[in-house]
Amino acid sequence: PQSHPFCRDCILGLASAAVGEIPLAKGGIGLRCMMTGCDNPILYSEIYKLLPENIQNKLEERMFEESIGMALPNLERCRKCNFAIQMEVDKKTNKVFDCPGCKAHEKKLNEAVVRKCPRCGVQFVKEKGCNHVTCRCGMTQCYLCRQTEIQHDHFC
């Protein structure tokens with residue numbers, strides 16, 4: 001295959017970007033060539049000595065994950081944290097996968113931020129203003145301590 005020369009800074013920039021979301025070479029064996037229309041890989045074994053250790057470690061981890069992903073059918077990734085799990089779901093269903101860790105984190109966040117009126121059950125979030133909130137049903141509540149039937153002189 002034809003090879004293209006690149007300076008060290010360009011290789012470092014490409015490797016740094018590949019740690020994130022840009023595609024790797026097919027099979028996760030290295031980086032994709034930067035030349036337009038070139039499908040040849042830039043093999044990791046040829047460039048790793050040019051890279052700082054932190055980029056080496058992150059790139060090796062990503063390449064490992066990519067190669068595992070190709071070997072395992074039905075591998076799905078969480079759209080939030082990139083956690084991977086093998087699913088028994090047909091990928092054609094376009095189902096979005098959220099990992100259990102993110103779901104638990106989201107539940108805790110909701111418990112910390114979302115409030116529910118004890119009278120009518122309407123959920124709400126306070127975006128600004130004082131902590132004395134009044135539901136549309138008339139129930140008053142302290143946003144911080146959740147005490148009900150409070151006045152504006154309530155401070156917790």
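The number of residues in the stretch 23-34 that are part of a helix (DSSP H, G or I) and surrounded by fewer than 17 Cβ atoms within 10 Å (Cβ to Cβ) comes to 2.
Just one of (1) at pLDDT 75 or above; (2) under 30 Å from Ser45 (Cα atoms) fails for Leu72. It is (1).
Among the numbered conditions (1) farther than 14 Å from Phe6 by Cα; (2) part of a helix (DSSP H, G or I); (3) not hydrophobic (A, V, I, L, M, F, W, C), the only one that Gly37 does not meet is (2).
Scan the stretch 67-80 and tell me whether some residue there is charged (D, E, K, R), within 30 Å of Glu106 (Cα to Cα) and either touching a strand residue (DSSP E or B) at 6+ places or on another chain (Cβ under 7 Å) or not in a loop (DSSP other than H, G, I, E, B) (or both). Walk me through how you get there before you give the answer.
Going residue by residue through the stretch 67-80, those that are charged (D, E, K, R) are 76-77, 79-80.
Now drop any that are not within 30 Å of Glu106 (Cα to Cα), which leaves 76-77, 79-80.
From the residues that got through so far, the ones that are either touching a strand residue (DSSP E or B) at 6+ places or on another chain (Cβ under 7 Å) or not in a loop (DSSP other than H, G, I, E, B) (or both) too are 76-77.
Looking through the stretch 67-80, at least one residue is charged (D, E, K, R), within 30 Å of Glu106 (Cα to Cα) and either touching a strand residue (DSSP E or B) at 6+ places or on another chain (Cβ under 7 Å) or not in a loop (DSSP other than H, G, I, E, B) (or both).
Of all residues in the stretch 1-22, those that are in a helix (DSSP H, G or I) have Cβ atoms under 9 Å from Cβ atoms of residues that are hydroxyl-bearing (Ser, Thr, Tyr) and crowded, with 16+ Cβ neighbours inside 10 Å, 6 or more apart or on another chain, in Ala15/Tyr44.
The values are calculated or read from the model by the stated rules, or taken from the named source; none is laboratory data. For clarity, every value in this text was computed on a predicted model and none was experimentally measured. Note that we place each Cβ from the backbone using ideal geometry, even for glycine, and neighbour counts take in every protein chain shown.
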